[in-house]
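The values are calculated or read from the model by the stated rules, or taken from the named source; none is laboratory data. Values in this document were obtained by computation on a predicted structure and should not be read as measured data. All Cβ positions, even for glycine, are placed from backbone atoms using ideal geometry, and neighbour counts span all protein chains on display. Surface areas here come from the heavy atoms of the whole protein model, side chains and all, with no ligands, DNA or RNA. Shrake-Rupley method; radii C 1.70, N 1.55, O 1.52, S 1.80 Å.
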Amino acid sequence: MNAARKPQSPQSTLLAARLKERIIRNGPLSVADFMESCLADDTAGYYSQRQPIGEHGDFVTAPEISQIFGELLGLWAIAAWQSMGEPKSFVVAELGPGLGTLMVDALRAWKSVPAFLEGVTVAMVETSPVLREAQQTALHGAPVPIQWFDAIEDAPRGPLIVIANEFVDALPIRQLVWSDGGWCERCVTIGPEGGFAFCSGRTITNSGLQQAAEPLDTPDGSILEVRPEAGALVSLIAARADQAPLAALIVDYGHGETACGDTLQAVWRHQYADPLSHPGEVDLTAHVDFAALKDSASAHGLQSYGPMPQGEFLLKLGLEARRDRLCEKATPEQQERILASAIRLSDPEAMGLLFKTLAITSPGLAAPAPFVEA
Ligand code: SAH
């Protein structure tokens, strides 16, 4: 992807003005506060006002590349339900379901297991009104009860299976900068030219900062990213695991080991953009730290499996067999598309390695396939 130049919209200008007022009033904003406002501001936030997914949007996600992705995640949900002992009534919650495509495809997989289809209630956790509407349209007439919620806390009680594809990468990150033997909060301020610019904020004391407290042999200027809301998400699902079986699958792009690096990125119309220049107009994400998620899970007494590269995960769940099945009924042109999209999802050079899958389950549950006990 190349860097893209984007004209400033009236909403973005308004959001920029409000952010600058906040900076003038209270001082520089942490990267997390800046990212939170850009993504979730009620009137001008990125997700509050637009449908960003697909060839005509800003980015394409795995469910939009091939129906096989949602079908195989649907199969994973069946494996998780089996590891729970096939409860009669249970909830599948999807976090940040985008256009609803993954759930449409998962439902197709569930049709082959009537007891699953009869017992499931689907909880769609979505804050964007625009995407909620798209999901409702996509799932109109679905053969199972489907409810929408703002937060996972509100999903119905009972055995719970959680699916989150490209959800965690959109949760705000804090960036900490190593300087003079300590961590400082990386902040956003108003630069000399009047635009936004990064600056160093207050020094962080190590207390409460699990990763940053670890002695890292880091040169000055190194950036460590922490994502408080990811830890909070694990706490929330852990609270549910106290009451009933839980299995969660987190799929996202990111790294398996905690490491320093600036991964904050902005994307607009399939091209990289400047993260500070167009608040609310460009998608802001950052790599998921899977090691941090695993640490949170184990701190709450939960089991975790993986991260397993997305390619390996999909292949083990039957990507090739499903691909060949689809090709049987397809025209040569369609076959070409089916083959290309299967490669895009699983090839290490495409999404197969950078994207990873992590399962988190309540203690005592057997590992849901394709994960195996350590
Ligand atoms: N899972 C979808 C969409 C990924 S984009 C796919 O793979 O295509 C991120 C999704 O998370 C969007 O649906 C966005 O509206 C939603 N989202 C972002 N922050 C959220 C939050 N805090 N709570 C609930 N949904 C959120």
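Identify, from the list Thr263, Thr258, Thr285, the residue that is hydroxyl-bearing (Ser, Thr, Tyr) and surrounded by 22 or more Cβ atoms within 10 Å (Cβ to Cβ).
The match here is Thr285.
Condition first: near the ligand (Cβ under 10 Å from one of its atoms) and at pLDDT 90 or above. Now tell me which residues in the range 36-56 satisfy that.
Glu36, Leu39, Ala40, Gly45, Tyr46, Tyr47, Gln51, Pro52, Ile53, Gly54
Among the residues of the range 176-185, are any open to solvent by 20 Å² or more (accessible area, probe 1.4 Å), over 15 Å from Ala297 (Cα atoms) and in a loop (DSSP other than H, G, I, E, B)?
yes
Could you please tell me which pairs satisfy a Cβ distance under 7 Å, a separation of 6+ or placement on different chains, a first residue in the range 13-24 that is farther than 15 Å from Ala44 by Cα, and a second residue that is open to solvent by less than 90 Å² (accessible area, probe 1.4 Å) and modelled with pLDDT of 95 or more?
Final answer for the pair search is Arg22/Leu29; Ile23/Leu29; Ile23/Thr189; Ile23/Ile190.
Return the residue satisfying two criteria in turn: it lies in the range 186-202 and is open to solvent by 50 Å² or more (accessible area, probe 1.4 Å) and assigned to a strand (DSSP E or B), and of such residues it is nearest to Ile23 (Cα to Cα).
Taking the candidates together, the pick is Ile190.
Scan the range 5-27 and tell me whether some residue there is under 17 Å from the mean Cα position of the chain (by Cα) and either farther than 16 Å from Ala138 by Cβ or open to solvent by less than 20 Å² (accessible area, probe 1.4 Å) (or both).
No: zero hits.
Among (1) surrounded by 21 or more Cβ atoms within 10 Å (Cβ to Cβ); (2) under 30 Å from Leu319 (Cα atoms); (3) more than 9 Å from the ligand (Cβ to nearest atom), which single condition is Val31 missing?
The number of the failed condition is (2).
Tell me the helices (runs of 4 or more DSSP H) entirely within the range 85-169 that contain at least 1 residues that are surrounded by 14 or more Cβ atoms within 10 Å (Cβ to Cβ) and within 12 Å of the ligand (Cβ to nearest atom).
Fully inside the range 85-169 and qualifying: 101-110, 129-138.
Hey, among the residues in the range 61-84 that are more than 18 Å from Ile146 (Cα to Cα), of a type in the set (A, V, I, L, M) and buried (at least 22 other Cβ atoms within 10 Å of the Cβ), which one's nearest to the ligand (Cβ to nearest atom)?
Among residues in the range 61-84 that are more than 18 Å from Ile146 (Cα to Cα), of a type in the set (A, V, I, L, M) and buried (at least 22 other Cβ atoms within 10 Å of the Cβ), the one nearest to the ligand (Cβ to nearest atom) is Ala62.
Please state which of the following conditions Gly280 fails to meet, knowing it meets all the rest: (1) open to solvent by 20 Å² or more (accessible area, probe 1.4 Å); (2) not in a strand (DSSP E or B).
(1)
Are there any pairs, at least 6 apart or on different chains, whose C-beta atoms fall under 8 Å, with the first in the range 190-213 and basic (Lys, Arg) and the second modelled with pLDDT of 90 or more and surrounded by 15 or more Cβ atoms within 10 Å (Cβ to Cβ), and if so, which?
So the pair list comes out as Arg202/Cys184; Arg202/Glu185.
Right, Ser179: within 11 Å of the ligand (Cβ to nearest atom) and of a type in the set (Ser, Thr, Tyr) or not?
When the stated conditions are applied, Ser179 does not pass them.
Scan the range 12-58 for residues that are outside any helix (DSSP H, G or I) and of a type in the set (Ser, Thr, Tyr) and report the count.
2
Given the structure, is Gln265 of a type in the set (S, T, N, Q), modelled with pLDDT of 95 or more and out of contact with any helix residue (DSSP H, G or I) (no Cβ under 7 Å at 6 or more places or on another chain)?
Criteria met by Gln265.
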